[in-house]
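Engineer: Let me give you the structure first, and then I'll get to my questions.
Just so you know, all these numbers are worked out from the coordinates, no wet-lab data involved. Remember, it's a predicted structure, so these values are computed and weren't measured experimentally. All Cβ positions, even for glycine, are placed from backbone atoms using ideal geometry, and neighbour counts span all protein chains on display.
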Amino acid sequence: MSDAKTVKLVDESSKTQSEMPLISGTLGPACVDIGTLYKDTGYFTYDPGYGSTASTKSAITYIDGDKGVLLYRGYPIEQLAEKSNFLETSYLLLNGELPNKTQFASFEHDITHHTMMHENLKFFLRGFNHDAHPMAMLAGSIASLSAFYHDKLDVDNPEDRKLAAIRLIAKMPTIAAAVHRRSVGWPVRYPRNNLEYVTRFLHMMFEVPSEPLELNPVAAKALDLLFILHADHEQNASTSTVRLVGSTGANPYASIAAGITALWGPAHGGANEAVLKQLEEIGSPDNVETAVKRAKDKNDSFRLMGFGHRVYKNFDPRAKIIREMCHKVLNELGVKDPLLDVALKLEEAALKDEYFVERKLYPNVDFYSGLIYKALGIPTEMFTVMFAIARTSGWIAHWIEQHETPGSRIGRPRQIYTGADVRDYVGADKR
Ligand code: ACO
């Protein structure tokens, strides 16, 4: 939507002024449309980290960071967490509406019948050392899908785009489980299509040929919830990466593989692994005070992992839900994890510490998710892989939205050049 309102930019040096239109969405602050700024004024804008810059219009997810609101296609995350399931939420993200029973059955059928990974992927995975990080294996494997499915890669064809979305959501758990089994030296477990999405994944992760798997339904429920909460988060670093790569016309598997690598960093999805490692390092509630002190020390690079968020400056609504689930899961699975005591003490100490209060640093989604993954028996190095399985729905929904939006252009930021001024080449003998 374009408002009638404009914003005036006055250039005191040249005594000129230009007018730029304001654009409003359904919710959220209006944006100054600076698309013609360079043409009109000769200036670029500077916003490293994109703190004030909208890179796209999107109808998928809305966040109000000050109020702690997260909506998928208009539905509050709290309601989806309570009433929906991951596959239904994925349908919602992809299609814009909740499915009726027939639509859901058809979607679930499509997903269920694309769960197998190409047999040659097993050999591809064998090429990795057993101690390779699972995120490295996942990124490589997902990129390799464009080699396996190159017959259906026309990014301008809606049918090919839809098929890629189905394949990615369906195969991601199969490949993630295969990655885990490569790490521990177990044979790849094929998907059992009589199970639903999350339970099927847990079977592929943990079932061994020698005995049946006794799965507590609490485990599947908890993981399904975590997947819903991680499914999308508008223009975060990995989704923006998927869109930037997608803007070049790159195929969906290449675009999502790029998203996976962006997710890996500890400032983003890698935080869940980093949180657990940090809680282990802190070791005991008695050491929390020292950890908080270190986190505040500007001469120390130590940060409290799982605290802070670029957008949420009140609380992360997902963290609230996960916190509750964490207690429930540990109770119902009968897991006594001393790290929970460390986490609770850390949360309490940070929430009343002036440094954290002033900077509005609250526990984020990944502060508690690691404790749940750990209780489910998922190894620490697989935590970010879990995040990637869930976020695949959001990534591919954004990739499709981008391709359905008329007039999309290649993403190409500008820069402020700070290097040497123009100078003449000097021969090696004169240097
Ligand atoms: N511990 C200690 N201090 C922190 C932390 C932290 N976790 N996070 C931010 N700060 C401080 C910064 O040092 C800075 O202080 P200053 O104003 O005195 O210089 C201030 O708070 C603002 O921090 P920025 O880094 O500018 O905030 P930004 O929005 O760029 O970063 C981020 C957000 C990356 C999430 C950051 O808070 C962080 O590194 N947190 C820890 C990692 C983490 O949990 N990441 C997961 C995010 S959620 C997700 O991606 C799924």
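Engineer: First measure r as the distance between the Cβ atoms of residue 116 and residue 332, then evaluate 1/(1 + (r/R0)^6) with R0 = 35 Å and state the FRET efficiency to the nearest 0.05.
Structural biologist: Numbers: r = 32 Å, r/R0 = 0.93.
Efficiency for this residue pair is about 0.60.
Engineer: Relative to 2.2 N^0.38 Å, what does the C-alpha radius of gyration of region 6-54 come to as a ratio? Two decimals please.
Structural biologist: Values: Rg = 12.0 Å, N = 49, 2.2 N^0.38 = 9.7 Å.
Cα Rg divided by the expected 2.2 N^0.38 Å: 1.24.
Engineer: With bins 5 Å wide starting at 0, give me the P(r) of region 270-376 over every alpha carbon pair, in whole percents.
Structural biologist: 2, 13, 24, 27, 21, 9, 4, 1, 0
Engineer: Additional query: Cα atoms only, the chain: Rg and Dmax in Å?
Structural biologist: 23.5, 80
Engineer: Could you give each residue of region 417-427 its phi-based ³J(HN,Hα) in whole Hz, using Karplus coefficients 6.51, -1.76, 1.60 with θ = phi - 60°, and x for Gly or Pro?
Structural biologist: Calculated HN-Hα couplings, in order: 6, 10, x, 5, 6, 4, 8, 8, 4, 10, x Hz.
Engineer: Residue 47 to residue 19: FRET efficiency via 1/(1 + (r/R0)^6), r the Cβ-Cβ distance, R0 25 Å, to the nearest 0.05? Let's see the in-between values first.
Structural biologist: Values: r = 20 Å, r/R0 = 0.81.
Result of the calculation: an efficiency of 0.80.
Engineer: Order of 89, 26, 405 from fewest to most other C-beta atoms within 10 Å?
Structural biologist: On the way: 89 26, 26 9, 405 12.
Going from sparsest to densest Cβ surroundings: 26, 405, 89.
Engineer: Then there is this: Remind me, relative contact order of the chain in percent, using alpha carbon pairs under 8 angstrom and six or more residues apart? Before the final figure, lay out each step's value.
Structural biologist: Working: 581 pairs, mean separation 84.0, N = 431.
After rounding, I find 19 percent.
Engineer: Strictly over 29 Å apart at the Cα level, which of 83/277; 5/67; 313/336 would you flag in this model? Intermediate values should be presented prior to the final figure.
Structural biologist: Working: 83/277 33 Å; 5/67 26 Å; 313/336 32 Å.
The pairs that break the limit, which is 29 Å between Cα atoms, are 83/277; 313/336.
Engineer: Leaving out same-chain residues fewer than 8 places away, which aspartates and glutamates sit with a Cα under 15 Å from that of residue 8?
Structural biologist: Straight-line reach from residue 8, under 15 Å: 19, 33, 40.
Engineer: Lys and Arg at +1, Asp and Glu at -1: add these up for the other residues within a Cβ distance under 10 Å of residue 361 and post the number. Mind showing how you got there, number by number?
Structural biologist: Working: positive: 303, 313, 359, 360; negative: 353, 358.
Overall, the nearby charge balance is +2.
Engineer: Now for a separate question. What's the FRET efficiency of residue 355 with residue 192 using the Cβ-Cβ distance as r and R₀ = 51 Å, to the nearest 0.05?
Structural biologist: It comes to 0.55.
Engineer: Mean residue ellipticity at 222 nm from the helices of the chain, using -39,500 (n - 2.57) per DSSP H segment of n ≥ 4 over the full residue count, to the nearest 500 deg cm²/dmol? Intermediate results must be reported in sequence, preceding the final value.
Structural biologist: Values: 18 runs with 218 residues, N = 431.
Estimated from H runs of four or more residues: -15500 deg cm²/dmol.
Engineer: Let me ask another. Quick one: compute the contact order of region 277-358, relative version, from alpha carbon pairs under 8 angstrom and 6+ residues apart, as a percent. Kindly include the intermediate steps, with their values, before the conclusion.
Structural biologist: On the way: 42 pairs, mean separation 37.0, N = 82.
Normalised by residue count, the contact order of region 277-358 is 45 percent.
Engineer: If you don't mind, another one. Label-point separation (nm) for residue 420 and residue 298, each offset 7 Å from Cα along Cα-to-Cβ?
Structural biologist: Calculated label separation equals 3.4 nm.
Engineer: Suppose a student asked you for the relative contact order of region 6-54, using Cα pairs under 8 Å spaced at least 6 residues apart; what percent would you report? Walk me through the numbers before you get to the answer.
Structural biologist: Numbers: 46 pairs, mean separation 11.7, N = 49.
Relative contact order comes out at 24 percent.
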